[in-house]
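FYI, it's all coordinate maths here, none of it is from the lab. Please read these numbers as outputs of a predicted model, since none were measured by experiment. Neighbour counts are summed over all protein chains in view; Cβ atoms, including those assigned to glycine, are modelled from backbone coordinates with ideal geometry.
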Amino acid sequence: MRRKHFLQFGTSAIALFALEKLGGQFGIDIAKAQNFLPLPKPSARDQVCSRLLAGRIDRIMTDGLVSEVQMLRLLRLNRAPLNMYGDLPNIYREEAAIEGVNADIAFCQMCLETGFLQFGGDVQPDQNNFGGIGAIGNGVRGDRFSDQRTGVRAQIQHLKAYATIRPLVQPLVDPRFGLVKRGTAPLLAQLTGKWAEDENYDKKIMAILRRLYELAGFV
């Protein structure tokens, strides 16, 4: 709890903590002294940590936090074939930003669905289907997309269909968009039982997401 407290409130909390100690020793009126204490602005790291601790980590319709380089680092550590998919992190960030979807969640969902782009399941690499759209098990391969960007766009649109009733910005490419009950899953946990039947689906994505944020130095 102490570590989380200082992560959330940063150097201001440390300054007030020190002031309280001095007040106890020298009889300083803390309530009055706080009015004159110059509180530093929270750093970028403090602001990011506050957002994570405030519970925004699992919201689908929000800004992503990590960079293309940080996404590539996660892929490299998990032996993804970057010679084929080196541009994918940038595509995720671009496509997600257009629709207002959290690129971090979409990217980590892709990592789970494709086994960090090694595939090996029902969906094959040449399908460019990074979200397992239409792959319902028992050998059903799911939908096919003409190129990587279109496949990412379809996944982003499918996430947006679940997360909100807002209209799409780009032309529709997700063939199953109309099958989704709009706005029923604004949070990552609510995708379980909808996007996938696996009762641990959201937890698996969250584990990858937390690893990504650890590598980025956010948590």
How far is the Cα center of segment 105-135 from the Cα center of segment 139-188, in Å?
14 Å
Note on segment 57-216: alpha-carbon gyration tensor, axes a ≥ b ≥ c; rule is a/c under 1.5 for rounded, else prolate if a/b larger than b/c, else oblate; result rounded
First select every other residue whose beta carbon is under 9 angstrom from the beta carbon of Asp143; then total the charges, Lys and Arg +1, Asp and Glu -1.
+2
Roughly speaking, what is the stretch gain from Ser146 to Arg56, that is 0.36 nm per residue apart minus the C-alpha to C-alpha distance, in nm to one decimal?
29.1 nm
What residues of segment 101-130 lie in the reach of a label at Glu214, counting those whose backbone N is under 18 Å from a point 7 Å from the Cα along Cα→Cβ?
105, 108-109, 111-112, 116
Other-chain or far-sequence residues with amide H under 5 Å of Thr192's (modelled H)
Asp202
Phi-based couplings in Hz for segment 86-98 (Karplus 6.51, -1.76, 1.60; Gly and Pro marked x)
x, 8, 4, x, 5, 5, 4, 5, 5, 5, 5, 4, 4
